[in-house]
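Notes follow the structure.
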Amino acid sequence: LILVIQASLFPFLARFLSVYHKVGPLSYLVGKGINLFGIKSTVLNGTLYIQTAQESFPFITSLESLGFFLWFNFFVGALIVFFFSSGKRVTFTGIISFLLIGFGYMILRLITLIVVYSELGNMAIFWSPFSIFISFVPLVLLLSLYYSLNDLSIDFTPFRKFRIGWTRLMIVFLVMAFVFFTWGGMIYSEPGEKKQGRILIDEFHSSWESTLREMDKEWYGQISTYNYYSMAEWFKQYFQVEQNENQELTPELLENYDVLMLKCPTSLYSENEVESIVNFVENGGGLFLIGDHTNVFGMNFYLNQVAMKFGLEFNNDATHVLSTGLWSIFKPSRIAAHPVMQHVERFNYLTSCSLNAPLTAEMVMLASGLQAIPGTYSTKAFFRESQPKLDMKYGFLLQTAAVRHGKGRVLAFTDSTCFSNYCVFMDGYPRFLLSTIDYLNRVNRRNGLNLVFFLLALVSLVSLVIISARDNRVMVSILAVSIGGLTCGATASIFSHINRTNYPLPQPHSDFTRVCFVQEMSGAKISSRPTPRWKRSERIKRFNTFFIWTQRIDLYPSVEKSLDDAIRKGDAIVIINPTDPFETDRIKDISSYVKNGGTVLVMDSFINVESTANRLLADFGMRIDRETDKYHKIREKNIEKERGNETADDVDSDAGSLSAQEHVIGNAVSPSLSIAGGERKFISGDNTASIAVVQRGAGKLVVAVDSYMFSDHVMGHSFTVPDEELRQVYNTQYFIFEEIIFGGK
């Protein structure tokens, strides 16, 4: 019973802890305590500054460092124990004494942890499960001495003559009503009335992540992929999109649009502009705010001019996983996801900041187990160079939030990097963006409906307490838990289904060419998470740049988990280095897809020793042959070179290295695979086919080797500026897509 009630309160506790962290006034009390141990400290603006023999460090007294989360669950359990105790005095005095003991213990516990940290220097003692468990054991022992459980008694006699009367039927009804209205208040998102989908992207206040210059086959380097051009072009397939390049945001300008995007601002908004934006939202406009970590380039400062008008605030920090320091991944709940996240399986952050938001805000992405490290203005990207300090927040942190204001809506997002050209079509970002615009592109009709749900839940609870007071406590508790548990699962599913029905994923209003990269049977990896340069084996498996470069020729790539999804969505399907077996049904699906006009590109490599490509190709009268003799000859030459038995000129003249230059299709010694069957489209220097095509019905199957030349290890990072040799590789990719796959279409 205790565990069920604690679990039911968890969502509310998580929301509370994400909003309230710092408990500044208690820093003075904690400081006095550690002074007794000979440790010097002072308090400034609620932050405790501690001086030890080794270092000086700031410390934030927070609900997390106090152990409030665990203590609160202790308190809930204690209330239930008191409820079943036969002594009336225990119920009243027990709660008061428990609160006093708990408060005093949390303070003493924190003082002890700070003293231990000053000696060990290990910050993990404040949040590791083991240290938290050990640090609360004394409280358990203390409570066991102070409270006697002799008065705790549970009478199961009423169950021997169980009857359902009007009172118990009323109890069942009120429990169901309480659960239903509580879930409704938490989950239900009033759909409002859809607007025309006219988006205005503000470029006038931003010099970062521009949408204005096209990413084409001639412009390379960091800025070519570190911008929002692809996102803006993709939005145009679903909505009406325009950019504001040279004028202030006035009511006259904004009245022509439904959604305003303020992304990465690098200059101030005037007071008149802020007022215009607020009025725009009040009158039914949608506002999409995109910030980033540590107030880099001042963008969070500028955004907060607007965000704080709606109770939102971008913090000047950087979030990472608390236990590892790595980038965080958000996986939404399947039955209680916000409408913006209900179509997203996982969202990979690339370093966000945290958000402050009112309790009434919609917690779009509320994560646990994170740390938020304050930024600094002394470094280029405003990241701290030193190790994290105890002035950081940790625990439950809000990364994305939404509020309803008047007839309009506002959504604040905290990691601008995610929508850059080099990753916008990966890791959950496309669906998030579409769902965000769909959520904002609506006029509110009944803003207070969730509050009405909560009020009805409160009325149901009060009525339940009054009516059940005449019945047996155990009986009422068992009924409440049983009926409540069944109702909880059903109600959550009902409201989740309603939200999915009201917020379907937007569909494009124009035709565009989509290339789907299948992950189900592929040995290749495509992800926004970079691979370290020194991990050569991983870089060989990565095809990020190959994936991104399709955007340079006006294609729209996607990473599809399954072949079925790719067949359903794609104008072309790419399978790289297949390793999973092609079952008969899969081959039939691919064959049918090709007959109906689709194109399948199969790329394989000599490095892919577990290749299953020929199982599929056999159905099209093709196969990939391995030229092992040639490969071993090259390998022997390289070994001799390493031993110093041949000069570099000798090896190069014999074309014996496996560099980027040697893997350009058509080179005299590569690829190390050749294709038999089909129409040869590209012939290597030794008269073997490196690209071949089979036409079937209205579509075609394209086979290309060696795929290694298109891996990140050869093509480089998406920021790479190519030399002439590398341009040959890039141009080969463009040739495959423009001339072979989509030529004539």
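The values are calculated or read from the model by the stated rules, or taken from the named source; none is laboratory data. Keep in mind it's a predicted model, so treat the numbers as computed, not measured. Note: ideal-geometry Cβ built from the backbone for every residue, glycine included; neighbour counts use all protein chains shown. Side chains included, ligands, DNA and RNA excluded: accessible areas come from the protein's heavy atoms. Shrake-Rupley method; radii C 1.70, N 1.55, O 1.52, S 1.80 Å.
With r as the distance between the Cβ atoms of Phe83 and Trp219 and R0 = 60 Å, compute the FRET efficiency 1/(1 + (r/R0)^6) and round to 0.05.
Values: r = 69 Å, r/R0 = 1.16.
So, using R0 = 60 Å, E works out to roughly 0.30.
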*Using label points projected 7 Å from each Cα along Cα→Cβ, tell me how many nm separate Phe103 and Ile498, to one decimal.*
4.0 nm
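Helix by helix through the chain, keep the DSSP H runs that span 27 Å or more along the axis on Cα and average at least -0.5 on Kyte-Doolittle, and give those back in order.
Working: long enough: 88-120 (47 Å, 1.48); 166-187 (31 Å, 1.79); 449-468 (28 Å, 2.70); 473-502 (41 Å, 0.84).
Sorted by number, the helices that extend far enough and score high enough are 88-120, 166-187, 449-468, 473-502.
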_Quick check: residue separation of Glu248 and Ser8 times 0.36 nm, minus the Cα distance between them. What number comes out in nm?_
81.6 nm
*Would you work out which of Gly165, Ile607, Val721 lies farthest towards the positive end of the dipole of the chain, given +1 charges on the beta-carbon of Lys and Arg and -1 on that of Asp and Glu, about the Cα centre?*
Gly165
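State the extension gain, in nm to one decimal, for the chain segment bounded by Tyr146 and Arg446, taking 0.36 nm per residue of separation less the distance between their alpha-carbons. Working shown, then result.
Working: separation 300, 0.36 × 300 = 108.00 nm, distance 5.12 nm.
Length gained between Tyr146 and Arg446: 102.9 nm.
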*Taking the dipole about the Cα centre of segment 424-474, with the C-beta of Lys and Arg at +1 and of Asp and Glu at -1, give me whichever of Ser460, Phe432, Asn450 is farthest to the positive side.*
Ser460
*Could you give log10 I(q)/I(0) at q = 0.16, 0.26, 0.31 Å⁻¹ for segment 227-282, computed by the Debye formula over C-alpha point scatterers of equal weight, without solvent?*
-0.56, -1.22, -1.38
*Accessible area per residue of segment 314-436 at 1.4 Å probe, in Å²?*
33 Å²
*What is the dipole size for segment 77-199, taken about its Cα centre, with +1 at each Lys and Arg Cβ and -1 at each Asp and Glu Cβ, in debye to the nearest 20?*
540 debye
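So, counting K/R as plus one and D/E as minus one, what does the shell of residues with Cβ under 14 Å around Arg568 add up to? Before the final figure, lay out the partial values.
Details: positive: Arg514, Lys561, Lys569; negative: Glu520, Glu560, Asp564, Asp565, Asp571, Asp589.
For residues surrounding Arg568, the net value is -3.
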*Taking amide H positions as placed 1.01 Å from N in the peptide plane, with prolines and chain starts having none, which residues 5 or more places from Lys393, or on another chain, fall under 5 Å of its amide H?*
Ala372
*Among the trypsin sites (Lys or Arg not before Pro) within segment 147-232, which fall in a DSSP loop and have no more than 15 other Cβ atoms within 10 Å of their own Cβ?*
Arg163, Arg213, Lys217
*Fraction of the pair-distance distribution of segment 240-346 above 16 Å, Cα-Cα pairs, percent*: 67 percent
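Ordering Tyr146, Tyr377, Tyr228 from largest to smallest accessible area (1.4 angstrom probe), what's the sequence?
From most exposed to least exposed: Tyr377, Tyr146, Tyr228.
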*asked:* Run through segment 263-365 and list the trypsin sites (Lys or Arg not before Pro) located in a DSSP loop whose Cβ has at most 11 other Cβ atoms within 10 Å.
replied: Arg334, Arg346
*Which shape class applies to segment 406-504: rounded if a/c is under 1.5, otherwise prolate when a/b exceeds b/c and oblate if not, where a ≥ b ≥ c are the square roots of the Cα gyration tensor eigenvalues?*
prolate
_Taking the Cα centroid of segment 399-416 and of segment 34-82, what is the distance between the two, rounded to the nearest whole Å?_
32 Å
*Distance in nm between label sites at Arg346 and Ile683, each 7 Å beyond Cα in the beta-carbon direction?*
4.6 nm
*Which is farthest toward the positive dipole end of segment 304-391 among Trp327, Gly375, Ala357, measuring Cα position about the Cα centre, with Cβ charges +1 (Lys, Arg) and -1 (Asp, Glu)?*
Trp327
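Please give the direction-averaged projected area of the C-alpha convex hull for segment 10-168, in square nanometres with one decimal. Each step should come with its number before you reach the end.
Details: hull surface 51.9 nm².
The Cα convex hull of segment 10-168, projected and averaged over all directions, gives 13.0 nm².
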*Can you tell me the dipole magnitude for the chain around its Cα centre, using point charges on the Cβ only (Lys, Arg +1; Asp, Glu -1), in Debye to the nearest 20?*
3520 debye
*Violating pairs (Cα-Cα greater than 29 angstrom) within the set Lys561/Lys595; Lys331/Lys588; Lys588/Lys681; Lys236/Lys569*: Lys331/Lys588
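Ignoring any ligand, DNA or RNA, what whole percent of the accessible area of segment 38-160 comes from carbon and sulfur when the probe is 1.4 angstrom?
Details: 4800 of 6820 Å².
In segment 38-160, the share of accessible area belonging to carbon and sulfur is 70 percent.
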_Exposure rule at most 11 other beta-carbon atoms within 10 Å, DSSP loop GluC sites (Glu not before Pro): the chain longest free segment_ = 386-582
*Which percent, to the nearest 5, of DSSP beta bridges fully inside the chain are antiparallel?*
60 percent
*Assign unit charges at the C-beta atoms only (+1 for Lys and Arg, -1 for Asp and Glu), then state the dipole size of segment 243-323 relative to its Cα centre in Debye, rounded to the nearest 20.*
300 debye
*Per residue, how much space in cubic angstrom lies within the convex hull of the C-alpha atoms of segment 63-137?*
80 Å³
*When the helix-only estimate is applied to the chain (DSSP H runs of n ≥ 4, each -39,500 (n - 2.57), divided by the residue count), what is the mean residue ellipticity at 222 nm, nearest 500 deg cm²/dmol?*
-12500 deg cm²/dmol
*Per 10 Å bin, what is the whole-percent P(r) computed from every C-alpha pair distance within the chain?*
2, 12, 18, 19, 18, 15, 9, 4, 1, 0
